[in-house]
Amino acid sequence: SPFPSYTFNGPNLSWDNRVGIFLEDHYYDNSDAAVVFKRVDFWTGQEKYIYHGNDGTSMPWNDTAQLNYLKPEVREAVIQTILHVARKFPIIRFDAAMTLAKRHYQRLWFPEPGSGGDIPSRAEHGLTKEQFDAAMPVEFWREVVDRVAQEAPDTLLLAEAFWLMEGYFVRTLGMHRVYNSAFMNMLRDEKNQEYRLVIKNTIEFDPEILKRYVNFMNNPDERTAVDQFGKGDKYFGVCAMLATLPGLPMFGHGQVEGFSEKYGMEYRRAYWDEIPDDYLVGRHEREIFPLLRKRYLFAEVRDFLLYDFYTVEGFVNEDVFAYSNRAGDERSLVIYHNKFASARGWIRISSAFLVKTGNGDEKILMQKTLGEGLGLHREGDYFVIFRDHITGLEYIRNCQELHEKGLYVELQAYKYHVFLDFREVKDNEWRQYAHLTDYLNGRGVPSIDEALKEIFLQSIHAPFRELVNAGQLRWLIEHRAGSPNHTPEKLEAVLDEVEGKARRLLGEIKDFTGGNGEVEPVARQIREETAALLRLPEVGSRHPKPGSPKYQKALKFLNAAGAEKEAQSLAGGDAALWGVLFGWVFVHRLGYMFDKESGQGYSRAWVDEWLLGKLLVQAFNDLGMSESQAWRAVTAIKLLITHQDWAETPSRTSLKLASYSALQNWLKDSDIQRFIGVNRYQGILWFNKEAFEEWLWWMFVAAVVCILVDSEAEEQIPQKISSAYSLVESLQKASKDSQYQVEFLLQSAAR
């Protein structure tokens, strides 16, 4: 035994009756960890003291025995064991592989005379450099790599190597992959300048080394990722780097789920009762997993470039990591700020990287601009559009500016961008992309194509916003019949303003399209329909017919359904109810400016093509609707435009035939199918009862407005409204008889 104070009176840990294995006694009271254990041969009585594995930096590994790699037969035995494993598994990880590199193996076990040695009692076993090299002439890991390449060529060899030996293991020893502990340690401790230097030194020496690194945020020997990096922006910023740097990203057990238990390789089960953090898992699914599916874009190093981030004062901010990469025609640019601070500055020029020229013997260092790194045109009439993976926003920049000035970026603490989907466009003679770039002034938008349309359509959008905005809609709602503001004088003022704004909008549309419509008659119709809407609550008093039960039921359905919608705040309540109706009145005649015969078709198409739906949604959002409610309201407007004439049937047409015809037309429209909730369950197509009732109400209101405006004689109005309501009743009965199955709905309407 190397030390007289060591005693070995503990239990025999051997599973073989011929041999005894005894740890040193101080191990059991946690007061010491011996460098050796005692081995007893019960057959001969011989005792030996064998060293535990030891890296010289901490306590020995008491569950291991150190092998003497100076003996060729030991090296061969270990190599045979590795080959045996390689024939069963495609990947082998070598734990603490750096301890078997020659210079460290000698330092630990056979220190040069005079060096003292790092492991107690080993100084007396020292060897000179010459003696050591004679006993181990070749690096052990070089032997392993070469033998595996010959005898098990499809095996991936992965080395855990610290002490700044990562590059040596892949460059000299030929290891396929090597742990990059610097990634975890330096980014955790925000030694950003040091880690940027690691990347710089690597790509200056040989960029290929970079893609052999295994980057990780935790492993079984380390604290958990959530313990080291938390669950906030810093974690996801570093994790985004993990997913987008060349090399191999490695996730630890429980990392995605946010588990906090630090486990060991000897664990057979978890000891803590933890459940996955749904927020953390969900954010991984949104931000990280899509990047992992594009690893082909990040894994290679041929086009990888690291950039310096220059502050507005002209200094390099070492806390910002910025790098680009390419794969075919795809490009990526990643920017992450690993500091609790704000950063503003420019990315323009890359760090130096090694390039092999000629036959590969000559090597030079080069730098590239951001424009060159992304492979962009230099001409000023080219622009590049790209998308931020995190926000989904698209950006546009002039290519020449990216070459000459770079990209200006502002980042708060631990925020990051991953820019993808780069595409170049060439400007046209009207310089639309140049105007758009100036107009956005660096801002991101959901869609550059839509933003370009918005500029192109500004002459129409401006008067449309004047007519359709939250303030205007509230003002109209406040002046409907039954409200305190509803007086004949105020009503005329309201209608004058609506007609004037409609006239300006229609005039711009006519000029824009070069259509053949007449502005004044259409503006007048919009005025009359607006008046009909505002007077809707008093239809019964303005057009009485007390002797008609059908008419009274129709009025009750009109007013009761509307009141119910307002009370239930369906799709936004009162404001949404009237917002949809006014939106329909203001939009459904716009197409008549282009063509008198096909006006409705153009009106519906322009809601999407001219982004009028987007403007309506903005107005409805300002009225208090949610995004989904607002888009459902826009869908209702589009459907009202298309099917507003549903109740116009010849007097001799039977009620059943009219009901069947209306249903048939509706069910051909995929938007109506979605609106009424058509869905397949257990092989049957169903529709939603409440949604179908809502749809009937909208259709009835549209019919009533058209009747109020188009009827030549007021005495005809009650009869026409009653006829339209008869259709509604017929369709309500068909809905009930169908048991809300689409297949039986048409059949029920025809019976």
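I'm trying to understand the selection: among the residues of region 589-622, which are among the small types (Gly, Ala, Ser) and buried (at least 23 other Cβ atoms within 10 Å of the Cβ)? Hits for region 589-622 are Gly591, Ser603, Ala619.
Restricting to region 600-637, count the residues that are among the aromatic types (Phe, Trp, Tyr) and either in contact with an Asp or Glu (Cβ under 7 Å, 6 or more places away or on another chain) or closer than 13 Å to Gly579 by Cα (or both).
Our first condition is that a residue be among the aromatic types (Phe, Trp, Tyr); within region 600-637, this holds for 602, 606, 610, 620, 631.
Cutting the leftovers down to either in contact with an Asp or Glu (Cβ under 7 Å, 6 or more places away or on another chain) or closer than 13 Å to Gly579 by Cα (or both) gives us 602, 620, 631.
Of the residues in that region, 3 qualify.
With respect to the conditions (1) aromatic (Phe, Trp, Tyr); (2) surrounded by 21 or more Cβ atoms within 10 Å (Cβ to Cβ); (3) free of Cβ contacts under 8 Å to residues at least 12 places away in the same chain, Phe289 falls short on a single one, namely (2).
If you go through region 699-722, how many residues are open to solvent by 50 Å² or more (accessible area, probe 1.4 Å) and farther than 24 Å from Val580 by Cβ? It would help to see each step written out before you state the result.
Step one: filter region 699-722 for residues open to solvent by 50 Å² or more (accessible area, probe 1.4 Å), giving 710, 712, 714-716, 719-720.
Restricting the remaining residues to those that are farther than 24 Å from Val580 by Cβ gives 712, 714-716, 719.
Counting residues in region 699-722 that are open to solvent by 50 Å² or more (accessible area, probe 1.4 Å) and farther than 24 Å from Val580 by Cβ gives 5.
Residue-level check: of (1) without any contact (Cβ under 8 Å) to a residue 60 or more places away in the chain; (2) under 48 Å from the mean Cα position of the chain (by Cα); (3) within 28 Å of Ala713 (Cβ to Cβ); (4) open to solvent by 10 Å² or more (accessible area, probe 1.4 Å), Ser541 misses just (2).
Being part of a loop (DSSP other than H, G, I, E, B) and among the hydroxyl-bearing types (Ser, Thr, Tyr) is the filter; apply it to region 236-271 and report the residue that is surrounded by the fewest Cβ atoms within 10 Å (Cβ to Cβ). Result: Tyr271.
Counting only strands (runs of 3 or more DSSP E) wholly contained in region 15-86, the ones carrying 2 or more residues that are open to solvent by 30 Å² or more (accessible area, probe 1.4 Å) and aromatic (Phe, Trp, Tyr) occupy 47-51. In region 471-485, of all residues being out of contact with any Leu (no Cβ under 7 Å at 6 or more places or on another chain) and farther than 20 Å from Val617 by Cβ, the one that is least open to solvent (accessible area, probe 1.4 Å) corresponds to Ser483.
Checked against (1) more than 21 Å from His52 (Cβ to Cβ); (2) open to solvent by less than 20 Å² (accessible area, probe 1.4 Å); (3) among the hydrophobic types (A, V, I, L, M, F, W, C); (4) within 49 Å of the chain's Cα centre (by Cα), Leu164 passes all but condition (2). Suppose the filter is outside any helix (DSSP H, G or I), more than 45 Å from the chain's Cα centre (by Cα) and of a type outside the set (Lys, Arg); does Asn516 pass it? Yes. The residue that is nearest to Asp669 (Cα to Cα), counting only those in region 723-747 that are open to solvent by 10 Å² or more (accessible area, probe 1.4 Å) and of a type in the set (Ser, Thr, Tyr), is Tyr740.
Among the residues of region 634-652, is there at least one that is more than 25 Å from Leu745 (Cβ to Cβ) and not in a loop (DSSP other than H, G, I, E, B)? Scanning region 634-652 turns up at least one residue that is more than 25 Å from Leu745 (Cβ to Cβ) and not in a loop (DSSP other than H, G, I, E, B).
Taking strands (runs of 3 or more DSSP E) that do not extend beyond region 312-429, which have at least 2 residues that are under 28 Å from the mean Cα position of the chain (by Cα) and more than 27 Å from Gly232 (Cβ to Cβ)?
Numbers: elements: 320-327, 330-337, 343-350, 353-357, 362-366, 382-388, 394-398, 407-411, 416-426.
Of the strands (runs of 3 or more DSSP E) lying wholly inside region 312-429, those with at least 2 residues that are under 28 Å from the mean Cα position of the chain (by Cα) and more than 27 Å from Gly232 (Cβ to Cβ) span 320-327, 330-337, 343-350, 382-388, 394-398, 416-426.
Taking into account only those residues within region 674-687 that are within 23 Å of Ser726 (Cα to Cα) and within 32 Å of the chain's Cα centre (by Cα), which is surrounded by the fewest Cβ atoms within 10 Å (Cβ to Cβ)? Once the filter is applied, the top-ranked residue is Phe675. When you scan region 434-441, do you find a residue that is touching a residue at least 60 places away in the same chain (Cβ under 8 Å), over 29 Å from Phe229 (Cα atoms) and not in a loop (DSSP other than H, G, I, E, B), even just one? No, region 434-441 has no match at all.
The single condition among (1) closer than 30 Å to Gln150 by Cα; (2) open to solvent by 50 Å² or more (accessible area, probe 1.4 Å); (3) at pLDDT 95 or above; (4) of a type outside the set (D, E, K, R) that Asn12 does not meet is (1).
Applying the selection to region 195-211, what residues are over 27 Å from the mean Cα position of the chain (by Cα), open to solvent by 50 Å² or more (accessible area, probe 1.4 Å) and in contact (Cβ under 8 Å) with a residue 40 or more places away in the chain? Within region 195-211, Glu204, Phe205, Glu208 meet the criteria. Scan region 442-454 residue by residue and report those that are basic (Lys, Arg) and not in a helix (DSSP H, G or I). Correct list: Arg443 only.
Restricting region 718-751 to residues that are at pLDDT 90 or above and among the β-branched types (Val, Ile, Thr), the residue that is farthest from Leu640 (Cα to Cα) is Ile721. Across region 187-194, a minimum of one residue is classified as of a type outside the set (Gly, Ala, Ser), closer than 29 Å to Lys356 by Cβ and either out of contact with any helix residue (DSSP H, G or I) (no Cβ under 9 Å at 6 or more places or on another chain) or open to solvent by 10 Å² or more (accessible area, probe 1.4 Å) (or both). Restricting Val494, Val468, Val498 to residues that are open to solvent by less than 20 Å² (accessible area, probe 1.4 Å) and touching a His at 6+ places or on another chain (Cβ under 9 Å) narrows the list to Val494. For the residues Lys294, Lys262, the requirement of being over 21 Å from Arg177 (Cβ atoms) and basic (Lys, Arg) singles out Lys262.
The values are calculated or read from the model by the stated rules, or taken from the named source; none is laboratory data. Just so you know, these numbers come straight off a predicted model, no measurement behind them. Every residue, glycine among them, receives a Cβ derived from its backbone with ideal geometry; neighbour counts consider all protein chains shown. The area values use the complete protein model at the heavy-atom level, side chains included, leaving out ligands, DNA and RNA. Shrake-Rupley method; radii C 1.70, N 1.55, O 1.52, S 1.80 Å.
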